[in-house]
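This report refers to the structure that appears directly beneath it.
Just so you know, all these numbers are worked out from the coordinates, no wet-lab data involved. The structure presented is a predicted model; accordingly, all values stated were derived computationally and were not measured. Please note: Cβ atoms are built from the backbone with ideal geometry, for glycine as well, and neighbour counts cover all protein chains shown.
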Amino acid sequence: MDVQLQMFECVISFAILVSIIYYLKTKNFFVEAEGKSFSKLLVEIVLPAMIFMQLATHRISSGQFILILIMLLSGIITIFISYLIARILTSDRGKIGAFMIASSFGSSALLGYPLIQMVFPNNPEAMIDAVLISEIGVGLPLFIFCPLVAMWFGNERKGDIKFFQILLPYLKSPVFFALILGLIFSVFKIDPGIHVMNTMKSLAQTLGNGIGLLSCVVLGIYLKPKSFKGVILLILFSAVLEMGFQPFITSVQASLFGVSDIHRKILIFISSMPAAILGPVFAVRYDCAPDTASVISYSHIILALISIPLINLVF
């Protein structure tokens, strides 16, 4: 099947499933409080298991760390440009911060992993690239820059922002431990035994099969139709930055660094993801225009139905 068609079908299937979950929520089949449990299950058990096994069972080449650098630079460049654009679009500090949060780091794990699995089936190297790019190139800066921006532009701004306090939640997370352990197993070629590894692989595969479903459940439960009045321009410019400009500069860097075609494709694919769902969480925590952050992030999911196949067709 053509890759572009498969991408389109994947995004459609996600949109339909999220819509079904949202409909069930309106019928009280799900309640919003349950979303935290599903999210916790996804972030603290399913994703760490998949990340660890993907890294631990495959050898990582030094060239793959170039991919992390490319993704990191793309995010930093985008968040700087998003600030300049936001200053033109609005004078509201909270909305500036919300715009920056929703325009710089994509939902690489929540939507990227299951889509990578579907688009590149039976290709472990593709998933390893996705894990490295997502967790180090996107995840780590997401936990650093987004809370910092939310603190700075939110109503709970504090004069003494300590970077370690921002990093601590990520450093204590199961995802981070899974990443470190997986890298140790891969770099030092640790083999605990064929039977142990086979059992762990089977468990990780079982858990990994639920990534797509759990992702859609979380998105559907937290989806809230909100008024788009006054934020249409913010939504459109944010979508262009997050899902258009960032893949472009990622592609340019990939060409400059001379990465392979498949690595370049995966970089572009991950960088074209809609806004990370954690963005509104940080906006809520520091009262940084949470309604604006939420409506932008959820709008990205809808626009991704067109943008993801289009971006990957263009690049």
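Pop the C-beta distance of VAL240 and GLU44 into the FRET formula with R0 = 41 Å and round what comes out to the nearest 0.05.
My answer for the efficiency is 0.75.
Taking a ≥ b ≥ c as the square roots of the eigenvalues of the Cα gyration tensor, an a/c ratio of 1.5 or more together with a/b no larger than b/c marks the range 26-149 as oblate. Counting other Cβ atoms within 10 Å as a rough exposure proxy, the listed residues MET127, MET71 run MET127, MET71 from fewest neighbours to most. Dipole check for the range 3-314: with +1 at the C-beta of Lys and Arg, -1 at the C-beta of Asp and Glu, and the Cα centre as origin, the magnitude is about 460 Debye. Computing semi-axes √(5λ) of the Cα gyration tensor in Å directly from the structure and comparing it against (i) 34, 24, 16; (ii) 29, 24, 18; (iii) 29, 22, 21 singles out (iii).
Sparse packing (at most 12 other Cβ atoms within 10 Å of the Cβ) combined with a DSSP loop state is found for the following trypsin sites (Lys or Arg not before Pro) in the range 9-52: LYS27.
Extension gain for ILE306-LEU181 works out to 41.3 nm (0.36 nm per residue, less the C-alpha to C-alpha distance).
A DSSP coil position with no more than 12 other Cβ atoms inside 10 Å describes the following chymotrypsin sites (Phe, Trp or Tyr not before Pro) in the range 8-99: PHE29.
Based on Cα contacts under 8 Å between residues 6+ apart, the range 68-115 shows a relative contact order of 39 percent. For the chain, the longest principal axis of the Cα atoms and the long axis of helix 140-153 meet at an angle of about 10 degrees. A Förster distance of 30 Å, applied to the separation of the beta-carbon atoms of ASP92 and LYS224, puts the FRET efficiency at 0.90.
Sorted ascending by nearby beta carbons within 10 Å, beginning with the fewest, HIS300, HIS58, HIS263 become HIS58, HIS263, HIS300.
With neighbour counts taken as other beta-carbon atoms within 10 Å, the residues CYS146, CYS288, CYS216 rank, fewest first, as CYS216, CYS146, CYS288. Simple spin-label estimate for ASN28 and LEU256 gives 5.7 nm between the two label positions (7 Å along the Cα-to-Cβ direction from each Cα). Overall form of the range 232-312: prolate. Here a/c, set by the Cα gyration tensor axes a ≥ b ≥ c, is 1.5 or more, and a/b is the larger of a/b and b/c.
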